[in-house]
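Note sheet for the following structure.
The values are calculated or read from the model by the stated rules, or taken from the named source; none is laboratory data. Remember, it's a predicted structure, so these values are computed and weren't measured experimentally. Please note: Cβ atoms are built from the backbone with ideal geometry, for glycine as well, and neighbour counts cover all protein chains shown.
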C-alpha cells in the first residue's frame, strides 16, 4: 500500500508540473534515496565493474549516479503516459529503421520485439502501439495488487495488451499466430530457470522465452531500444531482424539451437549496455558467480 501511495503522488507531480521541473524533483528525491541505499550502490558498482573492468572506481561511481538519475526520469515518463500522443512522438522521438518491423511482419509469422531494461523500454512499447501496431507485452506482476493494477492500467490505456509473466506461454503463442507483436525483455530472467549464458564474460541466467518462441513458431526477433538523448528527447532504434535458424516441430527443441539464438541477440544487448551503461537499470546482483572480495567491498 505504501508503494502504491508513493506512485500515485509521483504521478500527480509528474502530470501537474512542467516536465523539466518534474525531472528536477525526481532527480533530487533519487539522490536523497541513494544516500541511504548502500546495498543498491554496492550491487550496481559490482555490476558495472564486470562490464568495465578497465574503468577507475571514480568513473564507475559517476556512471552509477547518472544511472540512478536516469531511472528517476524514466519513472516520470511512465507517470506521464496519458500525455503521450502522436504529436509528442513527432516532437520528442526520433525513430530509426521502422522498416525492419514492417518487413518482419510481412512474413506472417508474428514478431518478437526484443528489448532490455535500458533507456525507456515502456515508452518504446507505447510508441509502437500509438503508431498503429498491435502489441502485447509480457510483464512481471508486482507483489502489491494495487501497484500491479496501476502499472498495467498505464500500459493498457495506450493500447498495449499486458500478459503476466507466469501465464505467458499460451497467450504469446496465440498472439504470434495472429501475426501480432509480442514484446519481451531479454536481459534478465526473474525465475532463475532460464538458460545460462556468458554475458560480458561471466555466466548469468538469461530468459529463454524470446528464443524458445521463435524456434517454436518461426516468429522473427526484432531487437529495439528506446534510448534517452542528452536533451531528454528519445531515439527508438530498431535493429536488423533475427530469423530463427530452424523451426522445431515440438517444444523439445535442441538446447544448442536455443543457445545459438540467445547468443545472437545477447551480443546486441551487450553492445547497447556498453554504449549506454548509465541507462541500464540493473540494481541487483546480476551474475551467478560471486564478485571478487576486492570489488564486493567497494561502494
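For residue 160, the stated conditions do not hold, so it cannot be described as farther than 28 Å from residue 5 by Cβ and either touching a strand residue (DSSP E or B) at 6+ places or on another chain (Cβ under 7 Å) or modelled with pLDDT under 95 (or both). I'd like to know if region 51-59 contains one or more residues that are surrounded by 12 or more Cβ atoms within 10 Å (Cβ to Cβ) and within 21 Å of the chain's Cα centre (by Cα). Yes - at least one qualifying residue is present in region 51-59. Of all the criteria given as (1) closer than 21 Å to residue 272 by Cα; (2) touching a residue at least 12 places away in the same chain (Cβ under 8 Å), the one not satisfied by residue 59 is (2).
One residue alone among 72, 22 is surrounded by 15 or more Cβ atoms within 10 Å (Cβ to Cβ), in a helix (DSSP H, G or I), touching a residue at least 12 places away in the same chain (Cβ under 8 Å) and within 22 Å of the chain's Cα centre (by Cα), and that residue is 72.
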